[in-house]
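Visitor: What follows is a structure written as structure tokens; I'll ask about it next.
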Amino acid sequence: GLFEAGEVRVHPTGSVTVFTGSHSHGQGHETTFAQVVADRLGMPIENVDIVHGDTSKVLFGMGTYGSRSIAVGGTAIVKALDKVIAKGKKIAAHLMEAAESDVVFENGAYTVAGTDKKKMFGEVAFAAYVPHNYPHDKLEPGLNENAFYDPANFTFPAGTYVCEVEVDPETGVVKIEKFTAVDDFGKIINPMIVEGQVHGGLTQGIGQALTEGCQYDDATGQLLTGSFMDYCIPRATDVPSYQVDTRVTACTHNPLGVKGCGEAGAIGAPAALMNAITDALGVKDMPMPATPQTVWRTLKN
């Protein structure tokens, strides 16, 4: 899976900027990563800013591919957060005149076990930058940590897709009546984003199965479908209203218990759809894309 990098920079105000080597191009990383950070630090999500794609600011990272962003990039951020919290314990122990081993961090507050002593995360963040009450002999000022995470294993999302189609034998037109997708992506950070990614993946897979095909000139090898005027991507009328659900089996080798989800729909949809078409036609196999012409010829043969 290769490593990913994360950096957490806590400001004196208690707000946080996170730098990630992963890059969002529509997957909603800015929301999901911010949720992870806000939940771990016990702060409002609007206090978290996610920065990606700026090579002058971000640690060297491997980027976004293979549905790895939350499992690998998110874990790198969590490891950086662990370092921030650990340093915060040292500062909180100094402020509350307690042993570091007695300090517990939970719900955005450092507390001394068995007492009512408490310092909020924002107070500790401010103290990290204010010189008059800080253990300079033990700690450097500031609250800024980074981490790299190299996964011990791959994540293994799994699912079952069921597709129902109707085929017009006179025209070869395929209509998808129902499409149900149930996936196990481990723990879900943001259900709406996951559902949206599954919808996008299903639509991409349907396009691959029904409409999208590259055509080349036989004589010269020139690509003939080089624009969307010739290369047919799925339209709204080509896809149904999906039925989507999830099951949760936590991943065992990352602290978030998450698995990849971005490409699941694109992997499962073509197989389910083509199985439904070949079952309807009573044939064992047929080429993709299953355009009306291809389906009609298959029926006539």
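Visitor: List pairs: first residue in the stretch 129-147 and under 23 Å from residue 37 (Cβ atoms), second residue part of a strand (DSSP E or B) and open to solvent by less than 90 Å² (accessible area, probe 1.4 Å) anywhere in the structure, Cβ distance under 6 angstrom, at least six positions apart or on different chains.
Guide: 143/10; 144/9; 145/8; 146/7; 147/6
Visitor: Kindly list the number of the only condition in (1) modelled with pLDDT of 95 or more; (2) under 20 Å from the mean Cα position of the chain (by Cα); (3) small (Gly, Ala, Ser) that fails for residue 221.
Guide: Of (1) modelled with pLDDT of 95 or more; (2) under 20 Å from the mean Cα position of the chain (by Cα); (3) small (Gly, Ala, Ser), only one is false for residue 221: (2).
Visitor: Any residue in the stretch 238-250 that is farther than 28 Å from residue 81 by Cβ and free of Cβ contacts under 8 Å to residues at least 24 places away in the same chain?
Guide: Yes, some residue in the stretch 238-250 is farther than 28 Å from residue 81 by Cβ and free of Cβ contacts under 8 Å to residues at least 24 places away in the same chain.
Visitor: Please specify each residue of the stretch 28-48 satisfying the condition of being touching a helix residue (DSSP H, G or I) at 6+ places or on another chain (Cβ under 8 Å) and free of Cβ contacts under 8 Å to residues at least 60 places away in the same chain.
Guide: Within the stretch 28-48, 29, 33, 34, 37, 38, 40, 44, 45, 47, 48 meet the criteria.
Visitor: Still on this structure, please answer the following. Out of all the residues in the stretch 110-126, is one or more surrounded by 12 or more Cβ atoms within 10 Å (Cβ to Cβ), of a type in the set (Phe, Trp, Tyr) and in contact with a Cys (Cβ under 6 Å, 6 or more places away or on another chain)?
Guide: Taking every residue of the stretch 110-126 in turn, none turns out to be surrounded by 12 or more Cβ atoms within 10 Å (Cβ to Cβ), of a type in the set (Phe, Trp, Tyr) and in contact with a Cys (Cβ under 6 Å, 6 or more places away or on another chain).
Visitor: Is it true that residue 36 is open to solvent by less than 60 Å² (accessible area, probe 1.4 Å) and either in contact with an Asp or Glu (Cβ under 6 Å, 6 or more places away or on another chain) or in a strand (DSSP E or B) (or both)?
Guide: No, not satisfied.
Visitor: If you go through the stretch 172-193 one residue at a time, how many are within 30 Å of residue 37 (Cα to Cα), in a strand (DSSP E or B) and of a type outside the set (A, V, I, L, M)?
Guide: Counting residues in the stretch 172-193 that are within 30 Å of residue 37 (Cα to Cα), in a strand (DSSP E or B) and of a type outside the set (A, V, I, L, M) gives 3.
Visitor: Could I ask something else about it? So, of the residues in the stretch 127-158 that are farther than 20 Å from residue 19 by Cβ and crowded, with 21+ Cβ neighbours inside 10 Å, which turns out to be modelled with the lowest pLDDT?
Guide: 155
Visitor: A further question on this structure: Out of (1) part of a strand (DSSP E or B); (2) open to solvent by 30 Å² or more (accessible area, probe 1.4 Å), what's the single condition that is false for residue 196?
Guide: It is condition (1) that residue 196 fails.
The values are calculated or read from the model by the stated rules, or taken from the named source; none is laboratory data. The shown structure was predicted, so the numbers you read here are calculated from the model rather than taken from an experiment. Backbone-built Cβ (ideal geometry, glycine too); neighbour counts: all protein chains shown. Only protein heavy atoms, including side chains, enter the accessible area calculation; ligands, DNA and RNA are left aside. Shrake-Rupley method; radii C 1.70, N 1.55, O 1.52, S 1.80 Å.
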